[in-house]
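Below is one structure, written out as C-alpha cells; comments come after it.
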Protein chains: 2
Amino acid sequence: MEATRWLDEHQDRAWRGYRRMRRLLDLELARELTQDASLSEPDYDVLSDLSETPQGRLRLSELADRMLWSRSRLSHHLTRMQQRGLVTREECPDDARGAMVVLTPAGRDAIEAAAPGHVTAVRQHFLDLLTPAEVEALGAFTHRVVDHLAQNRAPRPRRGREG
Amino acid sequence: MEATRWLDEHQDRAWRGYRRMRRLLDLELARELTQDASLSEPDYDVLSDLSETPQGRLRLSELADRMLWSRSRLSHHLTRMQQRGLVTREECPDDARGAMVVLTPAGRDAIEAAAPGHVTAVRQHFLDLLTPAEVEALGAFTHRVVDHLAQNRAPRPRRGREG
DNA sequence: CTACGGTCGATGACATGTCAACGAATCCGC
DNA sequence: GCGGATTCGTTGACATGTCATCGACCGTAG
C-alpha cells in the first residue's frame, strides 16, 4: 500500500483550471451554437466529421470510432438528426449488415452556416487567448496524452500481434 | 460580412488534440472510478466539493455555483445520491427556503476510498505525462480563459453596476 | 454447403441532464 | 407591515446517453 502522491501546488492549479475551463467553454460554445445555428455540440461534431469526407458519407461504425462514441449512442443520435432532415441512412453496398450515414443538402447547409461562427467562438473564447508557444505546447501534450491513452484501449488486431 | 479566419495548422492540431484528449481521459477516468469506487465522475465531484468544506456541508445553491451546475441538475442528482446514502439534506437555519447538503459518514468513506486511486489515475494518464513547464503553462492559460469566460457570465451585482 | 463465432446496427429499458413552471420564502422600497 | 419582484429548491416532461440484448449478416473451418 503505497502512500498516495497528492497533487502539488502547480498540478492542482492546472487540474482545477483545466476542469473549470472545460465546463465554461462547453457552456459558452453550446450556447452560441444553439442560438446561432440551432445545433447542439454533438450535432455539430457529427456534421463536421461527415463534411470532412469526400462524399459526405461514412460507414456508421467508422463514424462512431472517429468520434469515440458507442454505436448505440450514434444510432440513437442519427435517428434524431434524421428526423430533422440533417442526415439520411443508406444501405451499405459492401456489407448488408452495415449502414451508411449521408449528409443531406440541408445538413451541409447547416454545417456550412454554423462553422464560421463556431470557429470564431473557439478563437475568441479560447485559442486567441493563448500565446503561440502555448498553442504549440497544447498541441504537443494533448497528442502525447492521446497516444498514451490510445494504447490502453481496444486494439483492433485483425491478426494476432505479439507472441 | 468578414471573411472567416479559419484555424491555422498549429491551432487546428491543438484544438483537435484538446478535444480528443478530453474524451479519452473522461472515458478512462470514469471507467476506473466506476470500477474501483462505484462512483460516477459527477458523484465524485459532488463528494469532493463537500469534503473540502470544514463541516462537509454546503448550501445547495452554493454547491451548484461552485460546480457550475444548474440547481435542477443538482437537485435531481442529490436525490439519487441520497437514496444511495452518500448525502442527506437538512433544513437551512438562516433561510427557510433553502436546504443544506450534508456528507454522510458513508459519503465521507466513499470519497476517502476513491480519492487516492482517482488522483493516481489523473497523474498516470495526464499530469505525469506533462513536463513541469507544460503544467505551468496549463495552469496559466486555463485560468486566463476561465477569467475571460467568467466575465461574460451572469454577473451577480446586488447593486447596479455601470450607468 | 453447414455450423459457429464474431461484427453490425437497432432497439427498449433505464440513468442522467435540461427546461419551464411552481409554491414558499425573502428582499426591499414604501 | 405591505406588496411586488426576486430567489430558493423541487418537480414533471422531455431530451440525451448507457447498457444489455437482439436478429441479420459475415468470415471461416470442417
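Identify all residues within the range B:84-96 that are open to solvent by 20 Å² or more (accessible area, probe 1.4 Å) and either within 9 Å of DNA strand C (Cβ to nearest atom) or assigned to a loop (DSSP other than H, G, I, E, B) (or both); write none if there are none. First the steps, then the outcome.
Quick first cut of the range B:84-96, residues open to solvent by 20 Å² or more (accessible area, probe 1.4 Å) only: B:84-85, B:88-91, B:93-96.
Residues satisfying the conditions are B:Arg84, B:Gly85, B:Pro93, B:Asp94, B:Asp95, B:Ala96.
Please specify each residue of the range A:79-88 satisfying the condition of being free of Cβ contacts under 8 Å to residues at least 24 places away in the same chain and not polar (S, T, N, Q).
Within the range A:79-88, A:Arg80, A:Arg84, A:Gly85 qualify.
Which condition from (1) within 11 Å of DNA strand C (Cβ to nearest atom); (2) closer than 24 Å to B:Ala113 by Cα; (3) not polar (S, T, N, Q) is the one that B:Trp69 breaks?
Of (1) within 11 Å of DNA strand C (Cβ to nearest atom); (2) closer than 24 Å to B:Ala113 by Cα; (3) not polar (S, T, N, Q), only one is false for B:Trp69: (2).
Here are the criteria: (1) under 28 Å from B:Leu7 (Cβ atoms); (2) at pLDDT 95 or above. Tell me which single one A:Gln151 does not satisfy.
Of (1) under 28 Å from B:Leu7 (Cβ atoms); (2) at pLDDT 95 or above, only one is false for A:Gln151: (2).
Let's see how each residue does on (1) touching a residue at least 24 places away in the same chain (Cβ under 8 Å); (2) in a helix (DSSP H, G or I); (3) crowded, with 17+ Cβ neighbours inside 10 Å; (4) within 16 Å of DNA strand C (Cβ to nearest atom):
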site	(1), (2), (3), (4)
A:Trp6	no, no, no, no
A:His10	no, yes, no, no
A:Gly17	no, yes, yes, no
A:Asp26	no, yes, no, yes
A:Pro42	yes, yes, no, yes
A:Leu63	yes, yes, yes, yes
A:His77	yes, yes, yes, yes
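Counting only residues that are closer than 15 Å to A:Asp128 by Cβ and of a type outside the set (Val, Ile, Thr), which one in the range B:137-150 is farthest from the other protein chains (Cβ to nearest Cβ)?
The selected residue is B:Asp147.
Please verify whether the range B:100-108 includes one or more residues that are without any contact (Cβ under 8 Å) to a residue 60 or more places away in the chain, within 16 Å of DNA strand C (Cβ to nearest atom) and over 23 Å from A:Arg22 (Cβ atoms).
yes
Restricting attention to the range B:97-136, and to residues there that are within 16 Å of DNA strand D (Cβ to nearest atom) and assigned to a loop (DSSP other than H, G, I, E, B), which single residue is modelled with the highest pLDDT?
B:Thr104
Would you tally the residues in the range B:46-61 being closer than 22 Å to A:Gly17 by Cβ and either more than 12 Å from DNA strand C (Cβ to nearest atom) or in contact with a helix residue (DSSP H, G or I) (Cβ under 6 Å, 6 or more places away or on another chain) (or both)?
Matching residues across the range B:46-61 total 8.
When the range B:1-26 is examined, which residues are found to be among the aliphatic types (A, V, I, L, M) and more than 7 Å from every other protein chain (Cβ to nearest Cβ)?
B:Met1, B:Ala3
Working only within the range B:67-96, note down all residues that are within 10 Å of DNA strand D (Cβ to nearest atom), within 14 Å of chain A (Cβ to nearest Cβ) and touching an Asp or Glu at 6+ places or on another chain (Cβ under 9 Å).
none
Looking for something more than 14 Å from chain A (Cβ to nearest Cβ), surrounded by 15 or more Cβ atoms within 10 Å (Cβ to Cβ), within 11 Å of DNA strand D (Cβ to nearest atom) and farther than 30 Å from A:His125 by Cβ - is there at least one such residue anywhere in the range B:48-60?
no
The values are calculated or read from the model by the stated rules, or taken from the named source; none is laboratory data. Since the model is a prediction, treat every value here as computed from it, not as a measurement. Glycine gets a Cβ as well: all are built from the backbone with ideal geometry, and neighbour counts include every protein chain shown. For accessibility, only protein heavy atoms count, side chains too; no ligands or nucleic acids. Shrake-Rupley method; radii C 1.70, N 1.55, O 1.52, S 1.80 Å.
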